[in-house]
Amino acid sequence: MSTAPDAPSAQDERTPEIGRARLRREDERALTGRTRWTDDMTLPGMLHLSVLRSPVAHASITELDTTEAARAPGVVGVWTGEDLPEQGAMPTAWTVSDDMRTPPYFPLSVGSVKHVGDIVAVVAATSKEAADDALELIDVDYDELPVVVDPMVAKQEGSPLVHPDLGTNVCATWGLDSVTLGTGGDAAAAIREAESDPDQVVVRRTLRQNRVTPAYIEPRSIVVDPTAEQVTMWSATQVPHIVRILMAMTQPIEEHELRVVAPDVGGGFGGKLQFTREEALVLLIARRLRLPCKYTESRSESMQSSHHARDQVQELTLAARRDGTITALDVDLTADMGAYLGILTAGIPLLGGFMFNGIYRIPAYSFHCTDVFTNKTMTDAYRGAGKPEATFGIERMMDELAVELDLDPIEVRRRNWIRPEEFPYATVAGLTYDSGNYDQATDKALAMFGYDELRAEQRRRREAQDPVQLGIGVCTFVELSGLAPSRVLGGLNYGSGGWEHSTIRMLPTGKVEVVAGTTSHGQGHATAFSQIVSDELGIPFEDIVLISGDTASAHKGMDTYGSRSLVVGGMAIVGAARKVVEKARPIAAHMLEASTDDLEFAGGRFSVKGTGSGVTIQEIMISTWLAHDLPDGLEPNLDADCTFDPENFSYPTGTHLAAVEVDTQTGRVTVRDYVCVQDVGVLVNPMIVDGQVHGGLTQGIAQALYEEIQYSDEGQLTSGTLADYLVPAAPDVLRYRTDTTVTEATTNVLGVKAVGETGATAAPPAIVNGVLDALRPLGVTDITMPCTPPKVWTAIDEARRTTEGQVTA
Amino acid sequence: MARITVTVDGMRFTHEVEPRTLLVHYLRETVGRTGTVVGCDSSNCGACTVLVDGESIKSCSVLAVQADGAEIETVEGLAAGDGTLHPVQQAFHEHHGLQCGYCTPGMLMRTVCLVRENPEPTEDEVREGLKGNMCRCTGYQGIVSAVMAYSQAARDEEVGR
Ligand code: FES
Ligand code: FES
């Protein structure tokens, strides 16, 4: 890794920035404590808001008295749902089916509460302490109603209704079928046939996706200043542009009256991809009071009210011939929405519907999903959004198939995966994978891992009945990244386009401002985007600055989620840079007294073919600014805009191998080694890529081993703090061994794929497959995530009892 | 209200504080040093870690009044006056020990203390020493490498002296 900046060199001899592990320019501020988080902000006259949250999961509110709270010291106002008639309903952006039911969802609940943490009232006071104290003086009478927390129960006839007015807990149903799509055969028929065919096997499993939460470390915070002509909102959000437009579409403010700024934002992982009730409330109250207001959530509030994720029951059926070739896959999914719909809630399982086929040639596929309401916090996007769930389903099934056929789990995958010569490959789910080479990545991973040696060790330990058993977990995955072609989103009833925007502003002194519609919350955009522009324009890295995260300066954008910043946003930047070059070309020709056709542009310099004469783009900038001598009719301006709409998603892939040790006496799982070889296309900054992979892996391993949002049957959140929701710390994870193979993406000019979600997608099945691989000889066939010591121990114990029972019977 | 005097990154402050004020809120709101941040309300995340008389503590778990008379060091006092990064900051920079940077102030302050207590830590000791500090972005690999590199740099400096 290079640490010192390169010595200045002649521009045409410059080393390319793309591919270089450049240290991040954003680090210094964070390292010195000079970051500006939203909660750091104080404005003159600023008031502090606190919200009263429901302690019960389902109730009608029979009395709500705020009189005493309103009289408390420092309190400026207290509002309930009834007191805020101007509040608009919170929007959802994804209507997945015509019959989708959207329950009422307001910034302040009116008349009833639907989950623990639902918002009942808001207080504004001169200090946060005064606002918090006043919450205790609000008198609420809850008339408790029946509660449902299990989605499988919720979808049954006669179960308690979360929204009685809807008459059902089913939010929507949605499906995909290879017959209707014209991509393959009839899965149900193929499965029936397989059942009566001695040359085929049918494997059925019900798998559970545990409910987890993004758990960014910076709590959400919002400050609204209503005192200028344009109201400014600072918010710890991943999606300032989306917040602005949804606020304008649903609350009493017009788009041009509002500016949204995402200053430094501490993590997101999808958790800050939301238009929140708290954002709406701070705006509504600040406008009422005509004073700046701030709200910052506590961690406990965050656990209750910032969205959760995953929480699915997957009923899977896989049919295959005895040689391992898959003949059909059927998926019946029940997805827990929680009590309300956020902006993407209902669409998350649908995204997964396109990915259950993984990297495999599957001739018949059907997918059916039921979205259901429960009395829990709503679910929405979290690192991978729908795809980790799907990858878990198919990758667990590949292992089950391997066991059924007594094949090596790698071998069964190899027999089914798409071969290099088959790309571009139209999948049974209707997508087109542009490129990939699964053999290459897998072979490299197996060699790094020492697969054969580990298998030998596993055999030895099995034979010796070692109390600590070794398991090898495999996951070969593909991700659907880079949201997304607008036309495709339109076809899926998603309420937005998927393009991204950039402006390149060429400054008179030869420096460059890159304006991007995506925002960073740790991904290193300022560094990576500057590297891209530096190569495109041949301008030194140091001469470039990134502007983003503020709707006033980056006025257009679709923000950052779904690994879209590089593959979609990066291409808008490339497009803008290339337009700058074309705008500069006639000016260069004029300056060099040559024809534009005779000019070539390389290393930041236009030169006349076959001669030594040339001019740099930075020199052209000053002359454009002076505008003393421009070609006739040319506008003195070198800035350019590009709105890039991708033609396809991006499909990073890879092979993950985990060696796990399971102590059969305590149930403790230790990951001993983790190897992953990924194909994320061309690497812009390998150091940043590694960091993204490490973070994703840690979140994926955490889902498999540690993290779970738990509710009691009464709908009480029993994992409501970081003391009982186990985010891994440094001793809980290991040093990963990662590497890459590169097949260039063919759907964008840089050949880049995406990376941020890959680790979280591939790690859970790799780990769980490993745990089960360790325990199968003991008769354990399934353990739901997270594989905690008590759960693993119980599974071993139960398996032992069953085996003993069989022996004695 | 109680009167306290503290030194924060070399500057002396005297303030009247409410007895219930936590040290982290005192630093952020009264002293105006927002480099130290809050991530939880259960003393689990370590984002608020500062040094009090040389010991790393979670500033959300002590009251401001308990710090009366103490010497407090925060992330904002690490770099030299001319902006030169402290070796611990340099190590985090070079080893990609941060992404969003929210856990970073706490990580840096904990690391300074950890390496002072154990100048030659093994990787396992580093991980164990950081167990009270959560990072959701990095997966800790860059952080652990940074701490190892910093401990080496600190030893080299000792030797060089
Ligand atoms: S804020 Fe102090 S430990 Fe989390
Ligand atoms: S860098 Fe984001 S929490 Fe550690």
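The values are calculated or read from the model by the stated rules, or taken from the named source; none is laboratory data. Because the structure is predicted, anything quoted here is derived from the model rather than measured. Virtual Cβ from ideal backbone geometry, glycine too; neighbours counted across all protein chains shown. What goes into the accessible areas is simple: the full protein's heavy atoms, side chains included, and nothing from ligands, DNA or RNA. Shrake-Rupley method; radii C 1.70, N 1.55, O 1.52, S 1.80 Å.
Among the residues of segment B:89-110 satisfying the criterion of being more than 13 Å from ligand 2 (Cβ to nearest atom) and under 13 Å from the mean Cα position of the chain (by Cα), which is farthest from B:Cys45 (Cα to Cα)?
Here the residue is B:Gln89.
Can you tell which of A:Thr503, A:Thr509 is over 30 Å from A:Val768 (Cα atoms), open to solvent by 10 Å² or more (accessible area, probe 1.4 Å) and assigned to a strand (DSSP E or B)?
None of the others qualify; the one that does is A:Thr503.
Can you go through B:Arg116, B:Arg110, B:Arg127 and tell me which one is within 8 Å of chain A (Cβ to nearest Cβ), modelled with pLDDT of 95 or more and more than 14 Å from A:Thr32 (Cα to Cα)?
Going through B:Arg116, B:Arg110, B:Arg127 in turn, the sole match is B:Arg127.
Touching a Gly at 6+ places or on another chain (Cβ under 7 Å), of a type in the set (Ser, Thr, Tyr), open to solvent by less than 20 Å² (accessible area, probe 1.4 Å) and farther than 30 Å from A:Leu683 by Cβ: is that true of A:Ser54 in this structure?
yes
Would you say A:Lys272 is within 27 Å of A:Gly45 (Cβ to Cβ) and of a type in the set (Lys, Arg)?
No, not satisfied.
Among the residues of segment A:259-302 satisfying the criterion of being farther than 20 Å from A:Tyr340 by Cβ and polar (S, T, N, Q), which is nearest to ligand 1 (Cβ to nearest atom)?
A:Ser298
Considering each residue of segment A:754-781, count those that are open to solvent by 60 Å² or more (accessible area, probe 1.4 Å) and touching a residue at least 40 places away in the same chain (Cβ under 8 Å), and give that number.
Residues in segment A:754-781 being open to solvent by 60 Å² or more (accessible area, probe 1.4 Å) and touching a residue at least 40 places away in the same chain (Cβ under 8 Å): 2 in total.
Out of the residues in segment B:3-31 meeting the condition of being farther than 24 Å from A:Asp133 by Cβ and not charged (D, E, K, R), tell me which one is farthest from the other protein chains (Cβ to nearest Cβ).
Of everything passing the filter in segment B:3-31, B:Thr5 is farthest from the other protein chains (Cβ to nearest Cβ).
For (1) in contact (Cβ under 8 Å) with a residue 60 or more places away in the chain; (2) touching a Pro at 6+ places or on another chain (Cβ under 8 Å), each residue gets a yes or a no:
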residue	(1), (2)
A:Lys556	yes, no
A:Met571	yes, yes
A:Lys579	yes, no
A:Arg585	no, no
A:Leu592	no, no
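Do we find a residue being part of a strand (DSSP E or B), within 16 Å of ligand 2 (Cβ to nearest atom) and either within 14 Å of chain B (Cβ to nearest Cβ) or crowded, with 18+ Cβ neighbours inside 10 Å (or both) anywhere in segment A:187-203?
no
Given (1) of a type in the set (Val, Ile, Thr); (2) under 30 Å from A:Ala21 (Cβ atoms); (3) part of a helix (DSSP H, G or I), where does B:Val24 come up short, assuming only one miss?
Every listed condition holds for B:Val24 apart from (2).
Tally up the residues in segment A:256-302 that are in a loop (DSSP other than H, G, I, E, B) and away from every other protein chain (no Cβ under 14 Å), please.
Adding up the residues that qualify gives 7.
Cβ-Cβ below 7 Å, separation at least six or inter-chain, first residue in segment B:93-105 and at the interface with another protein chain (Cβ under 7 Å from one of its Cβ atoms) and farther than 13 Å from A:Arg25 by Cα, second assigned to a loop (DSSP other than H, G, I, E, B) and more than 16 Å from ligand 1 (Cβ to nearest atom): which pairs?
Here the result reads B:Thr104/B:Leu98, each pair linking segment B:93-105 to a residue that is assigned to a loop (DSSP other than H, G, I, E, B) and more than 16 Å from ligand 1 (Cβ to nearest atom).
Out of segment A:386-433, which residues are within 21 Å of A:Glu647 (Cα to Cα), buried (at least 22 other Cβ atoms within 10 Å of the Cβ) and among the aliphatic types (A, V, I, L, M)?
Of everything in segment A:386-433, those that are within 21 Å of A:Glu647 (Cα to Cα), buried (at least 22 other Cβ atoms within 10 Å of the Cβ) and among the aliphatic types (A, V, I, L, M) turn out to be A:Val428, A:Ala429.
From the list A:Thr95, A:Thr35, A:Thr102, which one is under 29 Å from the mean Cα position of the chain (by Cα), within 14 Å of chain B (Cβ to nearest Cβ) and closer than 28 Å to A:Ala262 by Cβ?
Only one candidate qualifies: A:Thr35.
Can we say B:Val75 is within 16 Å of ligand 1 (Cβ to nearest atom), among the β-branched types (Val, Ile, Thr) and open to solvent by 10 Å² or more (accessible area, probe 1.4 Å)?
In short, no.
Are there helices (runs of 4 or more DSSP H) fully within segment B:78-161 with at least 2 residues that are within 22 Å of A:Ala21 (Cβ to Cβ) and within 16 Å of ligand 1 (Cβ to nearest atom)? List them.
B:104-117
Taking the residues in segment B:127-161 that are charged (D, E, K, R) and either touching a residue at least 60 places away in the same chain (Cβ under 8 Å) or under 25 Å from A:Val265 (Cβ atoms) (or both) as candidates, determine which candidate is surrounded by the fewest Cβ atoms within 10 Å (Cβ to Cβ).
B:Glu157
Output the residue which, of all residues in segment B:81-92 that are free of Cβ contacts under 8 Å to residues at least 40 places away in the same chain and open to solvent by 10 Å² or more (accessible area, probe 1.4 Å), is nearest to the other protein chains (Cβ to nearest Cβ).
B:Leu85
What pairs come out if I take residues in segment A:662-679 that are without any contact (Cβ under 8 Å) to a residue 24 or more places away in the chain and closer than 15 Å to A:Leu775 by Cβ and pair them with residues that are open to solvent by 20 Å² or more (accessible area, probe 1.4 Å) and in a strand (DSSP E or B) whose C-beta lies under 6 Å away, six or more apart or interchain?
Close Cβ pairs satisfying both conditions: A:Thr670/A:Glu661.
Could you grab me the full set of residues in segment B:68-80 that are more than 12 Å from chain A (Cβ to nearest Cβ) and of a type outside the set (Val, Ile, Thr)?
B:Asp68, B:Gly69, B:Ala70, B:Glu71
I need the full set of residues from segment B:1-42 which are touching a residue at least 60 places away in the same chain (Cβ under 8 Å), near ligand 1 (Cβ under 10 Å from one of its atoms) and not hydrophobic (A, V, I, L, M, F, W, C), in order please.
Hits for segment B:1-42 are B:Thr36, B:Gly39.
Would you mind finding the one in B:Val65, B:Val38, B:Val50 that is of a type in the set (A, V, I, L, M), closer than 26 Å to B:Ala2 by Cβ and at the interface with another protein chain (Cβ under 9 Å from one of its Cβ atoms)?
B:Val38
Only residues that are closer than 21 Å to A:Thr391 by Cβ and either within 23 Å of the chain's Cα centre (by Cα) or open to solvent by 10 Å² or more (accessible area, probe 1.4 Å) (or both): list them for segment A:316-326, please.
A:Thr317, A:Thr325
Which of the numbered conditions does A:Ala723 fail, given that it passes all the others? Conditions: (1) open to solvent by 10 Å² or more (accessible area, probe 1.4 Å); (2) within 13 Å of chain B (Cβ to nearest Cβ); (3) at pLDDT 95 or above.
Of everything listed in (1) open to solvent by 10 Å² or more (accessible area, probe 1.4 Å); (2) within 13 Å of chain B (Cβ to nearest Cβ); (3) at pLDDT 95 or above, A:Ala723 misses just condition (3).
Among the residues of segment A:250-269, which ones are within 16 Å of ligand 2 (Cβ to nearest atom) and buried (at least 24 other Cβ atoms within 10 Å of the Cβ)?
A:Ala262, A:Val265, A:Gly266, A:Gly267, A:Gly268, A:Phe269
Out of segment B:30-71, which residues are open to solvent by 30 Å² or more (accessible area, probe 1.4 Å), within 16 Å of ligand 2 (Cβ to nearest atom) and assigned to a strand (DSSP E or B)?
Of everything in segment B:30-71, just one residue is open to solvent by 30 Å² or more (accessible area, probe 1.4 Å), within 16 Å of ligand 2 (Cβ to nearest atom) and assigned to a strand (DSSP E or B), namely B:Lys58.
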